[in-house]
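Undergrad: Okay, handing you the structure first.
The values are calculated or read from the model by the stated rules, or taken from the named source; none is laboratory data. Only a predicted model underlies this, so the values are computations on that prediction, with no experimental measurement involved. Because the Cβ atoms are built from the backbone with ideal geometry, glycine has one as well, and the counts that use them run over all protein chains shown. Remember, those area values only see protein heavy atoms, side chains included, never the ligands or the DNA or RNA. Shrake-Rupley method; radii C 1.70, N 1.55, O 1.52, S 1.80 Å.
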Amino acid sequence: MSFESSKQSGSPHHFLAQLVGGWTGVTGLWLEPDVLADESPVLGSIHLVLDGRFAIYLYQGSIEGEPQHGMFTFGYNTTTDQYEASWVDSFHNNTAIMYCIGAPKGNGFSVLGSYPDPTGGPDWGWRTEVELVDADHLIITAYNIDPEGGEAKATESRLTRIKK
């Protein structure tokens, strides 16, 4: 698939263009399975860069009252026919960049990456799902995947488009 054809209606890059704008909502944080540890407001924006090849989601919120910032960069690789993404933030990534790859899923996509266990154990997985519920509602959910394959919700941002 060429980049130009990937911008047609219903294609991956057309999907990215639908996400552009300001977003506000609430982010939940789970530090252990099924136990909501924190919930706080989040404010962000999604921009296209490089002629629509990539999207960047810049956001800010807080965790237990402490300011947090992050950036989620994502795009669709027309050569490998897969979504690719990277996460950086001020909460759990320290100074690392987490790289992820994945596939379309429903009204969005799902990507999988991993991060090292800070205690020296095996790496953990991190799966992120992006779902455009409708033109004005976006959900970004991330799941921790332990080294044995068990999965639990880690964060979920329920976002509403900011109308001008």
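Undergrad: Based on what the data block shows, is Leu16 among the hydrophobic types (A, V, I, L, M, F, W, C), modelled with pLDDT of 90 or more and in contact with a Leu (Cβ under 7 Å, 6 or more places away or on another chain)?
TA: Working: among the hydrophobic types (A, V, I, L, M, F, W, C): yes; modelled with pLDDT of 90 or more: yes; in contact with a Leu (Cβ under 7 Å, 6 or more places away or on another chain): yes.
So Leu16 fits the description; yes.
Undergrad: Within segment 136-164, track down each residue that is over 24 Å from Asn94 (Cα atoms), assigned to a loop (DSSP other than H, G, I, E, B) and in contact with a strand residue (DSSP E or B) (Cβ under 7 Å, 6 or more places away or on another chain).
TA: Answer for segment 136-164, where residues must be over 24 Å from Asn94 (Cα atoms), assigned to a loop (DSSP other than H, G, I, E, B) and in contact with a strand residue (DSSP E or B) (Cβ under 7 Å, 6 or more places away or on another chain): Asp136, Ile162.
Undergrad: Being open to solvent by 70 Å² or more (accessible area, probe 1.4 Å) and within 15 Å of the chain's Cα centre (by Cα) is the filter; apply it to segment 19-49 and report the residue that is nearest to Lys153 (Cα to Cα). Walk me through it before giving the result.
TA: Of the residues in segment 19-49, the ones open to solvent by 70 Å² or more (accessible area, probe 1.4 Å) are 31-34, 36, 39, 41, 43, 47.
Narrowing the set further to residues that are within 15 Å of the chain's Cα centre (by Cα) leaves 43, 47.
Details: Leu43: 21, His47: 26 Å.
The extreme case among them is Leu43.
Undergrad: In the set Asp81, Asp134, which member is open to solvent by 50 Å² or more (accessible area, probe 1.4 Å) and on the phi > 0 side of the Ramachandran plot? Lay out the reasoning, then the answer.
TA: Numbers: Asp134 fails: on the phi > 0 side of the Ramachandran plot.
Only one candidate qualifies: Asp81.
Undergrad: A further question follows. Could you identify the single residue in Gly61, Gly52 that is farther than 23 Å from Gly150 by Cβ and in contact with a helix residue (DSSP H, G or I) (Cβ under 8 Å, 6 or more places away or on another chain)? Break it down into steps so the answer makes sense when it comes.
TA: Values: Gly61 fails: in contact with a helix residue (DSSP H, G or I) (Cβ under 8 Å, 6 or more places away or on another chain).
When all the criteria are applied, what remains is Gly52.
Undergrad: While we're looking at this one, here's another question. Looking at the structure I just gave you, is Ser86 under 22 Å from Leu19 (Cα atoms), in contact with a strand residue (DSSP E or B) (Cβ under 9 Å, 6 or more places away or on another chain) and among the polar types (S, T, N, Q)?
TA: Answer is yes for this residue.
Undergrad: Residue by residue through segment 137-153, note down the ones that are of a type outside the set (Asp, Glu), over 12 Å from the mean Cα position of the chain (by Cα) and surrounded by 14 or more Cβ atoms within 10 Å (Cβ to Cβ).
TA: Filtering segment 137-153 for residues of a type outside the set (Asp, Glu) gives 137-145, 147, 149-150, 152-153.
When the remaining residues are screened for being over 12 Å from the mean Cα position of the chain (by Cα), the result is 137, 144-145, 147, 149-150, 152-153.
Within segment 137-153, His137, Asn144, Ile145, Ala152, Lys153 qualify.
Undergrad: In the set Ser9, Ser62, Ser86, which member is open to solvent by less than 60 Å² (accessible area, probe 1.4 Å) and at pLDDT below 90? Outline the logic, then answer.
TA: Values: Ser9 fails: open to solvent by less than 60 Å² (accessible area, probe 1.4 Å); Ser86 fails: at pLDDT below 90.
After ruling out the rest, the residue left standing is Ser62.
Undergrad: Kindly indicate whether Thr119 is open to solvent by 30 Å² or more (accessible area, probe 1.4 Å) and under 11 Å from the mean Cα position of the chain (by Cα). Before the answer, list the steps.
TA: Numbers: open to solvent by 30 Å² or more (accessible area, probe 1.4 Å): yes; under 11 Å from the mean Cα position of the chain (by Cα): no.
Answer is no for this residue.
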